[in-house]
1. Pick out the one residue from N698, N704 that is outside any helix (DSSP H, G or I), outside the structural domain of L560 (by the TED database) and not acidic (D, E).
2. Go through (1) of a type outside the set (A, V, I, L, M, F, W, C); (2) in contact with a Gly (Cβ under 7 Å, 6 or more places away or on another chain); (3) surrounded by fewer than 15 Cβ atoms within 10 Å (Cβ to Cβ) one by one and return the number of the condition D148 breaks.
3. Across region 831-854, which residue is farthest from the chain's Cα centre (by Cα) among those that are within 20 Å of V666 (Cβ to Cβ) and not in a strand (DSSP E or B)?
4. Which of the residues spanning region 480-507 are out of contact with any Leu (no Cβ under 8 Å at 6 or more places or on another chain) and either surrounded by fewer than 22 Cβ atoms within 10 Å (Cβ to Cβ) or on the phi > 0 side of the Ramachandran plot (or both)?
5. Could you tell me which numbered condition D385 fails, if it satisfies all but one of (1) among the acidic types (D, E); (2) surrounded by fewer than 19 Cβ atoms within 10 Å (Cβ to Cβ); (3) within 18 Å of R634 (Cα to Cα)?
6. In region 685-695, which residue that is of a type outside the set (F, W, Y) and in contact with a strand residue (DSSP E or B) (Cβ under 9 Å, 6 or more places away or on another chain) is nearest to G345 (Cα to Cα)?
7. Quick one: would you say F743 is assigned to a loop (DSSP other than H, G, I, E, B), among the aromatic types (F, W, Y) and at pLDDT 95 or above?
8. Looking only at region 643-665, decide whether some residue is of a type in the set (G, A, S) and closer than 28 Å to D742 by Cα.
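The values are calculated or read from the model by the stated rules, or taken from the named source; none is laboratory data. Keep in mind that what you see is a predicted model, and the values were worked out from it rather than measured. Please note: Cβ atoms are built from the backbone with ideal geometry, for glycine as well, and neighbour counts cover all protein chains shown.
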Amino acid sequence: MARWSLLLGICFINIVLAVDKNNFKTCEQSSFCRRLRKYQAGDSVYQADLSSLQITENAIEVGIQNTQVANANLKLTLTAIVGNVFRVSVDEIDGLFPRYKPQFALNGEPQVAKLEVLQRDQDSVTVKSENNKATLTAKPLKLEFYRDDVLVTILNGKGLFAFEHYRTKPDEGATDPQIQDDPGAWEENFKTHHDTKPRGPSAIAGDFTFPNAQRVYGLPEHGDHLALRTTQQNNLDPYRLYNLDVFEYELDSTMAIYGAVPIVYAHSAEHTVGVFWHNAAETWVDIKNSKDINVVSSLVNLVSGSKTEASVDVRFMSESGIMDFFVLTGPKPKDVIKQYASLTGVHGLPQLFSLAYHQCRWNYNDQDDVTTVVANFDNNNLPVDVMWLDIEYTDAKKYFTWDPIKFSNPEIMVNNLTSTGRKLVVIIDPHIKREGGYFLHEDALKYDFYVKNHDGSVYEGWCWPGSSSYLDFYDPKTVDYYKKLYALENFKGTTHDVWIWNDMNEPSVFNGPEVTMPKDCVHHGGWEHRDVHNEYGLVHTIGTYQGLRLRSPNKRPFILTRGHFAGSQRFAAVWTGDNEAKWSHLTASFPMCLSEALGGISFCGADVGGFFNNPDIELLQRWYQAGIWLPFFRAHAHIDTKRREPYLFSDDVVNRIRTALRLRYVHLPLWYTLFWEHETKGEPVIRPLFYHYPDDENVLDIDNTALIGHSVLAHPVTEPGETSVDVYLPGGKNGYWYDIQDFQLYHGGNHKISVDLDKHVAFYRGGSIIPRKDRPRRSSAVMHHDPFSLYIALDDKQKASGTLYLDDYESFDYKNEKRYTYLNFDFSNNKFTSSLIDKATYPTEEWIEKIVILGPPAGITGAKLTSKTLGTINLETSYDKESKSLTIRKPGASVLEPFTIELV
C-alpha cells in the first residue's frame with residue numbers, strides 16, 4: 001500500500017503525487033557509490049600471492065594483497081559447485097570486524113563438485129570442473145571463466161575490483177587513495193556502534209566482463225525494461241538494489257523499489273552466462289551494454305573499416321559484507337536459469353486457488369461488505385477465488401486482531417466465504433504498534449523481540465499505527481514466538497482457509513532515512529541493519545511461512561510479499577507494488593514480472609487497474625485482458641479510488657471482463673502444470689522470448705510479450721484507442737502460431753493484428769498440447785472434478801506434445817505421499833497418445849471431455865479410441881471450416897489410464 005505523510009504526529013494524509021526523488025539517494029549522494037564509481041579502469045592494485053595457494057579436491061584458496069594499502073590482506077576461495085557453477089568468495093584475513101554473508105538466500109549449502117588443477121606456475125593457476133575451467137592470474141589479479149574452452153566471464157578485467165577495510169579512525173585510511181580523497185566516507189559510516197568500537201568504510205566492488213554478450217538482463221526489481229541499459233555513459237545512475245517503499249515509483253528508472261535480486265544474465269546467440277552477487281547490503285550496479293553504443297560503433301566502423309565486438313560489462317558495488325558470488329556458465333538461457341534455481345530454490349507448487357482471480361481493495365468496509373461483494377460476483381457469473389482485507393480490518397492497526405465493530409464476527413464471515421469455495425487473505429506487517437496493553441507489543445518488550453538502536457535501546461519509528469517498533473526476525477526466539485501467533489487459538493477468527501499478505505516489509509518507516517530503517521540499527525547477532533537490509537523482507541516471510549505450516553501442516557501456504565530478496569520465491573509470491581492507473585504501468589507489468597521470473601521469482605503479478613487513481617474504462621478492460629497472463633492475478637485499489645469491482649459497470653464491460661476471467665480459469669490446468677514443472681525442473685513459469693529463441697536477434701529487446709511456458713504467447717494491448725498491434729512471432733517460416741480466439745494460423749515473423757475491445761492478442765504455439773477446463777465455474781474449487789479439454793496445436797510437421805499435472809490441488813500429499821498424476825501427451829502420424837510419465841497416481845475422477853485439433857490433417861471422417869478399460873470404440877468428429885479445427889467429442893477416457901486416439 002502507499003506511504004502516507006505523517007501530520008501532527010498521529011494523522012496520516014494521503015498525498016497523490018509522483019515520487020519525490022528528494023527522499024531517495026542518488027549514487028552521488030551515497031558515499032560508497034560515489035567513491036567506488038570514481039575508480040578508473042586500468043591495472044588493478046590487487047594481486048594474488050600464489051606461493052600461498054592451497055588446493056583441495058573441491059576448491060583453491062589464495063592470499064590477495066592491496067599493493068597500495070599496508071596490511072590489507074584478503075583470502076580468495078574458488079569452489080566448484082555441482083551443475084557447472086563456480087563460487088568465489090573474498091574476505092579479510094584477521095579483519096577488525098566480521099563481515100556479513102546472507103543467511104537465507106541459498107536453498108541450503110550448495111553441493112560441491114570435483115576440481116582438478118590443469119596448470120600452475122608463478123604467474124597463474126588453471127583449474128577444471130565438469131565443463132568449466134577457471135584461470136587465476138596473479139599480477140594484477142584476474143579471474144577468467146571458461147565454458148567448453150570458450151571465455152565467458154572475466155573478474156577484474158577492467159581493474160575495478162575494490163575491497164575497503166575497516167579502520168578504527170579516519171587517519172588509518174589515509175594511505176588508501178580512494179578513501180583519502182573522500183572525507184564523506186567517514187561522515188557516513190564512521191560511528192561508534194553498539195560494540196563501542198568505531199568503524200569506517202567497508203564497501204566492496206567487483207567488475208565482470210562478458211565477451212561477445214549482446215544484452216544483459218536481471219536485477220529485479222526496477223520499473224524498467226527487461227534488457228538492462230548502459231548506466232554511466234548514458235548519464236544514468238547505476239541500478240540500485242535497496243528495498244524501499246517508494247511512493248508512486250517512477251518508470252524507465254534505475255531507482256530502487258521494493259525488491260532486490262542481485263542476479264544478471266549476459267546473453268548472446270552462442271552463450272548465456274550469469275553472475276549471482278550474494279550480498280544483502282545496499283548495492284549499486286553499473287552496466288555497460290554494447291547494445292546502447294551500437295549506433296556510435298557502427299559509424300566508427302564505417303570510417304575505420306574495423307569491427308567492434310559485442311560485450312557487456314557489469315560492476316557490482318555493495319556497502320558492506322564479504323564478496324561472495326557465483327558464476328553460472330550456462331550455456332543456454334534454460335541452463336543458466338536452472339543453475340540459479342539450484343542455488344536459491346523454486347516456488348513450491350501453490351494451491352490451485354492462488355492461481356485464480358483475487359479481489360482486493362484498501363479496504364472492504366466490514367464483514368457485510370465482503371459477503372456482498374462475493375454475492376455480486378456470483379449474481380453476475382463472474383468467477384472469483386479470494387477476497388482480501390487490508391489494514392483496516394484490524395483493531396486500530398494492531399495485527400492479529402480484528403476491528404470489534406466492523407469485523408465483530410470474523411469466524412462467521414470466513415465460514416460464509418469458504419462455504420462458497422473461496423478463501424480469505426489478510427495483511428500482517430512487521431511493524432508493531434507501541435501501545436500499552438497490546439499483547440504483541442507487551443510481549444516484544446518483555447522477551448526482547450525488537451530491533452535495537454545502536455546504543456541498545458529499542459528502535460522506534462513511524463508506520464501505519466503511528467509509533468511502532470519492528471520485530472527482529474534474525475533472533476530465533478522472535479521467529480519461534482511469531483510463528484505461533486498464526487495458530488487458530490491465537491489469531492482468533494481465522495481458519496485453515498485464511499492466508500497472509502506481508503506488506504511494508506522493506507521495512508517501511510515513514511520517518512526513517514529514505515523511508516526505511518536507519519542503517520546503524522542492530523539485529524540479533526550484532527549485525528547492523530546496513531548489512532542485512534535487503535534480506536529483511538525475506539526473513540519476515542520465512543517467519544510467516546513457518547507459522548502457516550505450523551497452523552496448517554498439510555496445506556501449502558499462500559503468502560504475498562512486497563519486500564523481497566533472492567530466495568524469496570521459496571516462501572511467497574510477489575507483486576509490482578503500488579502502481580498507477582496509467583497505460584504506462586500496464587505496459588510495465590510485463591517486463592517487471594519477466595525480470596522477476598528470470599530472478600527466480602515466477603509467482604509475480606501487478607495490481608489490475610492500477611493501485612493509485614481511477615482507470616478509465618478502456619484501460620480497466622485491457623488490464624484484465626493482460627492480467628490473466630501473469631501468474632499472480634489480483635485486482636487492487638487505493639482507499640481513495642472509486643469502487644471498481646467488475647460487476648459495477650455496463651453490460652458490455654462486464655461481458656469483456658467475464659470473458660477475460662473465464663479465459664484465465666479455463667487455462668488453470670496449464671498454469672498448475674507449469675508450476676509443478678517449475679518446482680521439479682527449475683524453469684520459470686513465464687518467460688521472455690529469448691529464453692526459447694536464444695539465437696533470434698529480433699527478440700532480444702521484446703518485453704511486451706510473454707511466453708506462458710512454451711505453449712502460449714501473450715501480447716497485451718497497452719495503448720488507448722488501438723485498432724491494431726504489431727506482434728513478432730518467433731520461429732521463422734516454420735513457426736506455427738494459432739490465435740486463441742478464432743484459431744487462425746500465423747507463421748513466424750512480424751504481424752499487424754487487428755484489435756477491438758473484445759480482442760485478446762494471444763496465440764497457441766504450433767507443436768503444443770494445451771490442457772484446459774472449459775466448463776464455466778464460479779471458483780476453482782468447483783472445478784476440481786471437472787473434465788479436461790485438450791487443444792492440440794499442430795506444427796509444420798503435423799506433430800505436437802504437452803503435459804498435464806494434477807493432484808488434490810491443496811495438500812502436500814503430492815510431495816510426501818507421491819499422490820499425483822503426471823501425464824505426457826503426444827500427437828504424430830495422426831495418432832494421439834496419453835501416457836503416465838511416472839508411476840505416481842492420484843485417484844481422481846477427472847476425464848477427457850473434448851479434444852480440439854488446430855491445423856488438422858485433411859480428409860478426417862472419424863476417430864478410434866483404444867484403452868484397456870474401454871477397449872476400442874469409434875468417436876464422433878466434426879470439422880469447423882471457419883476456424884479450420886477438428887473436434888473429437890467425448891472420448892470419455894480417464895486421465896489415469898493410458899489411451900490412444902487414431903484419426904481415420
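1. Sole residue among the options that is outside any helix (DSSP H, G or I), outside the structural domain of L560 (by the TED database) and not acidic (D, E): N704.
2. All conditions pass for D148, except number (2).
3. E845
4. Across region 480-507, the qualifying residues are D480, Y481, L488, E489, N490, K492, G493, M504.
5. Result: D385 fails condition (2) only.
6. Only one residue fits best here, namely V685.
7. yes
8. Yes, region 643-665 contains at least one residue that is of a type in the set (G, A, S) and closer than 28 Å to D742 by Cα.
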